[in-house]
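The block underneath contains the structure these notes are about, expressed in structure tokens.
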């Protein structure tokens, strides 16, 4: 009778909720002891597992929940055991059922999510599986949180019959090396938590074009709810965003072609690369989407770069058309760069396209937005997840910038990884002032919240230290992204109540300074979540979060990443981090090979990427950045981290900026020079600080050079090539510390 009811329920649920099963081939029919662990997003979850799992498991149900009248019909037709989690003996009951060869299903969160993200993970299921020698079978439930049976009313748009996807991962066993006691509990609990994070990552569909993922988010959250705002007070929902993107796609397809100015966007084949020179604005997002709708690849240019760098980027990426805005060019004083660009490529201005946006063009855009998926397929043609989605350029912190080809899968994988780590929900309000030519600003701070149905407020410049805190106050921002440099600027200029509604601050691109961390904690009561990433990784590789945080680290590696540490001579407690995963780039674009990106590869084979960073990973999985491999100096046979030298100066003079550099030395092989904006900097103060911290004299720079300002990139990071040129110039004259240069 129970099997008949199961088949009936399976057919009914499949028809009503269009249930999609992924990974169901991993189900272990021959596993004698099996514990099914799943996320918990609605009251429908138990029925879904009971209907679609090949074998009906015993469900672990909270005793208090089992008393509700509407739960009793479900438990009447399922195998279940009522457990009081406040009773210390509940684990014994769970272990007994597993040892008896029963298949048991449990929700490790212990409650239905009230955020839509993972909640706290309890250790109990991990301990039970360990004691019983049972395998864990992870199942992720996606979509049920949008049903009327979830607890997300007022947070997401709930409806009667949302589409549901059930993702199953291969079974695995937890392995603890510690003996009995608290250490073993911690190990097992951490492994279960890591498994649930990996499960949350696996539950998102990354094997599709970015535009299709946006359409899926539109279906989940509705088309009229505002999800994108900018400083020009544009407020767009998904329907308006796609309608404008369809209209712009038409205008770009056959733009006016001035005599002698090259080809327009319509020239060439699908996959053609088009440059974008735009600030953080709704127009930038519309332009990226419009190019995707036509099967083109946006090349997002760094508007803070010089003319030679912009021309070099266009040459490397084979860009023949650049889309920009006259207002932006005038405001940002980029006339010289655009004049240089216009000599070699066609420069299109959005303002020149606007008169051609007739009523018929706008209406046709609205019509296409009524059937957006069909219109996208018809206009773009076949688009695969492995096709290029965007080309960014490295900051050139170590050498000349290179083109980084990121595919649709790369971007969506990193969005899924960030979603699994950070509890960003649809009711948040995101403020992003980081430029979209930077991977952190594009993927993490723009695409991730958009694909979670979260409202994003784009601001064109992160340097407006007075305006951004006021904007956060007025718009009741809850999540803020930034770099250490920018966060320090906001913290110094903001009123202590400006960030009253902010609950999460995510920082990356450069190390978090102690002064910045202390300022935000003491002035605003906010703990900054420091992360780590690279453009080549789309960009996030690790991050702290509200669920897992450890000061002095950049958090844990994101799920879906394989890694190893390559040993480095002279560094005993760390190694060179090499990674592989779906978020790692397709390859580099080099000037000599613009048609064939050079894929990443290390000694272990293709797909592995050498990050160039030397790290240490502690027993709990937290990553400590020791420094860039190229930012170590070798003095007397010992490896000296330039980042440590900079930290020494920052602790002594927290109000100023400092960069350490290594130069050839005829005696020691290399010597360290410190560039600082501290006008009364004295080397003797660094000597005393190093002695207090127990550092050897090798960490004391041979020279301290004082400058008015340190060259910075648009992301706020030091411009190391520019710094090197400045250091070589200044150190040649060997000025004493204290002289203003």
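Annotations
- Qualifying positions in the range 542-596 - assigned to a loop (DSSP other than H, G, I, E, B) and out of contact with any strand residue (DSSP E or B) (no Cβ under 8 Å at 6 or more places or on another chain): 547, 551, 559, 582, 591, 592
Let's see how each residue does on (1) in contact with a strand residue (DSSP E or B) (Cβ under 9 Å, 6 or more places away or on another chain); (2) surrounded by 18 or more Cβ atoms within 10 Å (Cβ to Cβ); (3) under 30 Å from residue 718 (Cα atoms); (4) at pLDDT below 95:
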position	(1), (2), (3), (4)
236	yes, yes, no, yes
257	yes, no, no, yes
260	no, no, no, yes
274	yes, yes, yes, yes
306	no, no, yes, yes
314	yes, yes, yes, yes
318	yes, no, yes, yes
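- Residue match in the range 148-155 (condition: farther than 25 Å from residue 100 by Cβ, surrounded by fewer than 20 Cβ atoms within 10 Å (Cβ to Cβ) and in contact with a helix residue (DSSP H, G or I) (Cβ under 8 Å, 6 or more places away or on another chain)): no
- Test: residue 385 is under 30 Å from residue 152 (Cα atoms) and touching a strand residue (DSSP E or B) at 6+ places or on another chain (Cβ under 8 Å): no
- As for the range 515-526, it holds at least one residue that is touching a residue at least 40 places away in the same chain (Cβ under 8 Å) and within 18 Å of residue 655 (Cα to Cα).
- Matching helices (runs of 4 or more DSSP H) fully within the range 434-502 where at least 2 residues are out of contact with any strand residue (DSSP E or B) (no Cβ under 6 Å at 6 or more places or on another chain) and either under 22 Å from residue 709 (Cβ atoms) or in the same structural domain as residue 659 (by TED's automatic domain parsing) (or both): 467-474, 484-493
- For the residues 390, 285, 322, the requirement of being under 24 Å from the mean Cα position of the chain (by Cα), at pLDDT 90 or above, crowded, with 16+ Cβ neighbours inside 10 Å and not in a helix (DSSP H, G or I) singles out 390.
Results for (1) under 26 Å from the mean Cα position of the chain (by Cα); (2) part of a helix (DSSP H, G or I); (3) crowded, with 21+ Cβ neighbours inside 10 Å; (4) at pLDDT 90 or above, shown as yes or no for each residue.
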{"residue": "175", "(1), (2), (3), (4)": "no, no, no, no"}
{"residue": "180", "(1), (2), (3), (4)": "no, no, no, no"}
{"residue": "192", "(1), (2), (3), (4)": "yes, yes, yes, yes"}
{"residue": "206", "(1), (2), (3), (4)": "yes, no, yes, yes"}
{"residue": "228", "(1), (2), (3), (4)": "yes, no, yes, yes"}
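- Criterion: in a helix (DSSP H, G or I) and either at pLDDT 95 or above or not assigned by TED's automatic domain parsing to the domain that holds residue 41 (or both) - qualifying residue of 418, 426: 418
- Any hit, the range 348-355, residues being over 30 Å from the mean Cα position of the chain (by Cα), surrounded by 20 or more Cβ atoms within 10 Å (Cβ to Cβ), closer than 25 Å to residue 244 by Cα and at pLDDT 90 or above: yes
- For the criterion of being surrounded by fewer than 21 Cβ atoms within 10 Å (Cβ to Cβ), out of contact with any strand residue (DSSP E or B) (no Cβ under 6 Å at 6 or more places or on another chain) and not assigned by TED's automatic domain parsing to the domain that holds residue 581, residue 215 passes.
- If you check 125, 108, 138 for being part of a loop (DSSP other than H, G, I, E, B), under 34 Å from the mean Cα position of the chain (by Cα) and at pLDDT 85 or above, only one passes: 108.
- Residue match in the range 185-193 (condition: within 30 Å of residue 13 (Cα to Cα) and in contact with a strand residue (DSSP E or B) (Cβ under 9 Å, 6 or more places away or on another chain)): yes
- Considering the conditions (1) in contact with a helix residue (DSSP H, G or I) (Cβ under 9 Å, 6 or more places away or on another chain); (2) buried (at least 17 other Cβ atoms within 10 Å of the Cβ), residue 165 is excluded by exactly one of them, (1).
- Test for residue 120: is it within 16 Å of residue 31 (Cα to Cα), out of contact with any strand residue (DSSP E or B) (no Cβ under 8 Å at 6 or more places or on another chain) and assigned by TED's automatic domain parsing to the domain that holds residue 196: no
- Among the residues of the range 592-606, those identified as in contact (Cβ under 8 Å) with a residue 40 or more places away in the chain and surrounded by 12 or more Cβ atoms within 10 Å (Cβ to Cβ) are 594, 597, 600, 604.
- Residues in the range 35-60 that are farther than 13 Å from residue 150 by Cβ, part of a strand (DSSP E or B) and either out of contact with any strand residue (DSSP E or B) (no Cβ under 6 Å at 6 or more places or on another chain) or modelled with pLDDT of 85 or more (or both): 35, 36, 37, 38.
The values are calculated or read from the model by the stated rules, or taken from the named source; none is laboratory data. Predicted, not measured: the structure shown is a model, and the values here were computed from it. Counting neighbours? That spans all protein chains shown, and the Cβs are built from the backbone with ideal geometry, glycine included.
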